[in-house]
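The values are calculated or read from the model by the stated rules, or taken from the named source; none is laboratory data. This structure is a prediction, so every number in the text was calculated from the model and none was measured. We work out accessible area using only protein heavy atoms, side chains counted, and drop any ligands, DNA or RNA first. Shrake-Rupley method; radii C 1.70, N 1.55, O 1.52, S 1.80 Å.
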Amino acid sequence: MTSLDKLGGRPVSEKQRLIDSIEDLKSTHNISDIWRTNHINEQRYTWRDKALKVQCRLDYWLVSNVLSDSIVHSDVVETNLSDHSGITIHFLAKGSKPGPGLWRFNNSLLEDSSYLTFMQEIISESKKTHAYISDPRLKWEMLKMDIRSHTITFSKKKARQLRNEEKKLHEKLQKITIEVGVNPSDINKAVLETVKSELNAIQTHKTRGAIIRSKVKWSEEGEKNSKYFYSLEKRNAKKKAMNKLYIDGQLTSDASAIRHEQHRFYSKLYAKQESMQTGNTLPNFFEPAQIISQEHQTFFRFAYYH
């Protein structure tokens, strides 16, 4: 820590013994404070008291010097959830992105009037499009398919708008926090609290989505520990991930090869089977009573009702 890492309070020199211990640790293990390495003369703080009279950079990434060339960016990110700011680090690394996974309906959409209006239009249009279908079960399946596909499109658009709004608010929070550090006026403090309140609303909305995706069985109203739900969601995703697979007797961890083998296996598993029947004797799955013998019909009725 240097004088650039603290504003207000006792001078940095009073912590010299602690500073020397940290420097010895860095030297012994060949590690460095990567943020300070990349921002030599910049003043940024990760903690501040409520009165904003004392501000310090207390949070660090201590990174092995061997990895320093792989780090493309490090930053201090202001947050509304703690009195400490977040610190980020970005590595240059290759990896495979996970697939979209299983989609689940977020029932918070039912509180969105624009979604309800949109769905009324989709349902009306779907009824007209599939009016030629006489079987009510098939018509119902087609309607559900239309609702699902359009809901996914709507949700993606809404999520993109929310991300853009959150990004703008974080940029505003970053800017106003720096301004408050220089000029802690009542106006700047009021703007800071307003931005934090708007970010809190977005965070609450995102937490509700994480609760659904994590399949947690209960949650309390006003629950703020969003980290728990995000961690649970990631843990569930990790359980479902296939990181290694035997292909032709060889164990591989190559993501591309694993995806290709999965696609080949399930394509074969669910491939359309050629029927041994010909002519007009193909079974009509939507009218089973026409192709099942009287004896079998009696059995199925017994199994259904008992």
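Filter Lys127/Lys158; Lys167/Lys196; Lys156/Lys206; Lys50/Lys167; Lys6/Lys53 down to the pairs with a C-alpha to C-alpha distance above 21 Å, please.
Where the Cα-Cα span goes over 21 Å, the pairs concerned are Lys127/Lys158; Lys50/Lys167.
Per-residue accessible area for Tyr60 at 1.4 Å probe radius, Å² rounded to 10?
Approximately 80 Å² for this residue.
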